[in-house]
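Below: the structure, in structure tokens.
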Amino acid sequence: MGWMESLRFRLLAGAAVWVALALMLAGWIIADLFQTHVRQRFDAELANHLEQLAAVLEIDADGKPALRQPLSDPRFRRPLSGLYWQVGESEAAPLRSRSLWDSVLDLPDDRVESGGLHRHDAAGPANQSLIVLERFVLLPERTEPVRIAVAADRAELAGVTRAFNATLALSLAVLAAALIAAALIQVQIGLRPLSRLRGELTEVRGGRKKRFDGTMPTEIRPLVEDLNALLAHAEEVVGRGRLQAGNLAHALKTNLAVLANEAGALDERNARAVGPAMVRQVELMRRHLDHHMARARAAAARGVPGAGTPVADCVAALARVMRKLHAASAPEIRIDVPAGLLFAGEREDLDEMLGNLLDNACKWARGRIEVTCRAETGDMLSVTLDDDGPGLPGDSSDAALEPGVRLDESMPGTGLGLAVVRDVARLYGGDVRLDASPLGGLRAVLRLPAAAG
């Protein structure tokens, strides 16, 4: 599952597990300490009652044990209150507290040396589980020690412990929730630099930034520096390849220009036969060179981080150029391109593709051209060029995109322009499609990857 692979989930799950284990251990220790403390206090209270019973015990005129005064705790006088005392053996009608009513404590048959304490369990008058503390005391005018016992209901001890454990569990649960919430805040704050890094990566991929911000925590800074170094190296490699390709193109174009001049300088007799053919071949070679240079440039620029070209600026600049180049026909070029749309590629490649399409539209349009651009789903954009020219026959749209194909030899050109558009668009992961235009002429739809705007 995706959430199992989340670093945030792993950190929170680990914190929650350790908090739960730590609080469970702490709760068990605290509960055990409290139970021990309550049991000791319970035994101490019974011992106090036993001491008080021994202090008020005397021998009456009949030689039987009696109390000079009642014990201070009123529970001894309330029937079945849970606190009892007894003097003497259970078989010999012992002296007992009113709380025992008509019952006696069933004490075990054991002997404890005078002054020593004995603690054991016994059944109460209402079948309660009692904790009994007893001792033997030697009274004046008696040769045999008297057995005295004080008992209390164990349920009182259990009730106090149970109430404390419930409060402790609730307190630990609240503490656990607070600690997990604190861990969540800590994880959020701790992972915030990674979120910033992800946002900057989106900006770099969208072309809005060329480098990552170096103001990161020391743990992430080496990664940011390595990424910036990688981006710089990629930019350097692409720039070096473009420079070499540009130098090659310049050298070839220079030689082609010389060849074209030589062809034009042929004497009249030779020029009539050779010159035009040489000029056409030189122009064809130049167009082929431009074609493959455009492919190489697009292949090098594809996927380069930080590449982003405003489509509106490119279309506006090309429209100004085309109005000057085709001043004789003076086509009306209407542009509807939102300012925020960015092409995820280089400006030169976008100029190459749109320039060929717009030049082709200006050649054939009777007077009106419309250029629109819209964003599509899947991080793509489409540029649509409509003209009111004669258009294409229904079965020749695919053929017009093939290299060197010219459907009308009366217009100047080499037939490579639309092929260049298709090849460069495909290198970027897009494509171009020709169709009938609502204006009556040709519609060219160029789909290209969009950068985040």
Inset, instruction - Scan region 34-68 for residues that are of a type in the set (Gly, Ala, Ser) and under 60 Å from the mean Cα position of the chain (by Cα) and jot them down. - result: ALA44
Inset, instruction - Within region 25-40, track down each residue that is charged (D, E, K, R) and within 15 Å of ASP153 (Cβ to Cβ). - result: ARG39
Legend entry - Candidate set from region 178-193 (those that are out of contact with any Leu (no Cβ under 7 Å at 6 or more places or on another chain) and open to solvent by 60 Å² or more (accessible area, probe 1.4 Å)); member that is farthest from LEU23 (Cα to Cα): ARG192
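Hey, any hits in region 50-60 for a residue that's assigned to a strand (DSSP E or B) and polar (S, T, N, Q)? Full working, then the answer.
Initially, region 50-60 is screened for residues assigned to a strand (DSSP E or B), giving 57-59.
If we keep only those that are polar (S, T, N, Q) too, we end up with none.
The answer is no, given that none of the residues of region 50-60 is assigned to a strand (DSSP E or B) and polar (S, T, N, Q).
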Legend entry - Per-region count, region 57-83, residues in contact with a Lys or Arg (Cβ under 7 Å, 6 or more places away or on another chain) and within 17 Å of ARG147 (Cα to Cα): 2
Legend entry - Residue that is nearest to GLY88 (Cα to Cα) [pool: residues in region 41-59 that are small (Gly, Ala, Ser) and surrounded by 15 or more Cβ atoms within 10 Å (Cβ to Cβ)]: ALA54
Inset, instruction - Please enumerate the residues belonging to region 10-27 that are open to solvent by 40 Å² or more (accessible area, probe 1.4 Å) and not hydrophobic (A, V, I, L, M, F, W, C). - result: ARG10
Inset, instruction - Filter region 189-230 down to residues that are in a helix (DSSP H, G or I) and touching a Pro at 6+ places or on another chain (Cβ under 6 Å), then give me how many there are. - result: 3
Inset, instruction - Give me a count of the residues in region 35-92 that are without any contact (Cβ under 8 Å) to a residue 12 or more places away in the chain and within 20 Å of ASP121 (Cα to Cα). - result: 8
Legend entry - Odd one out for VAL38, checked against (1) within 16 Å of VAL150 (Cα to Cα); (2) out of contact with any Asp or Glu (no Cβ under 9 Å at 6 or more places or on another chain); (3) surrounded by 13 or more Cβ atoms within 10 Å (Cβ to Cβ): (1)
Legend entry - strands (runs of 3 or more DSSP E) contained entirely in region 69-165, each with at least 2 residues that are open to solvent by 80 Å² or more (accessible area, probe 1.4 Å): 118-123
Inset, instruction - Return only the number of the condition from (1) at pLDDT below 70; (2) more than 30 Å from the chain's Cα centre (by Cα) that GLU235 does not satisfy. - result: (1)
Inset, instruction - Output the residues belonging to region 374-384 that are surrounded by fewer than 23 Cβ atoms within 10 Å (Cβ to Cβ) and of a type outside the set (D, E, K, R). - result: ALA375, THR377, GLY378, MET380, SER382, THR384
Inset, instruction - Inspect region 310-333 for any residue being within 21 Å of ALA425 (Cα to Cα), outside any helix (DSSP H, G or I) and not polar (S, T, N, Q) and give the result as yes or no. - result: yes
Inset, instruction - Note down all Cβ pairs under 9 Å where the first residue falls in region 354-380 and is closer than 17 Å to ALA330 by Cα and part of a strand (DSSP E or B), the second is open to solvent by 40 Å² or more (accessible area, probe 1.4 Å) and among the hydrophobic types (A, V, I, L, M, F, W, C), and they're at least six residues apart or on different chains. - result: ARG368/LEU439; ILE369/LEU439; GLU370/ILE335; GLU370/LEU439; VAL371/ILE335
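The values are calculated or read from the model by the stated rules, or taken from the named source; none is laboratory data. Small disclaimer: the values here were computed from a predicted structure and weren't measured. Positions of Cβ are backbone-derived with ideal geometry, glycine not excepted, and every protein chain shown enters the neighbour counts. Accessible surface is based on the protein model in full, side chains and every heavy atom, while ligands, DNA and RNA are left aside. Shrake-Rupley method; radii C 1.70, N 1.55, O 1.52, S 1.80 Å.
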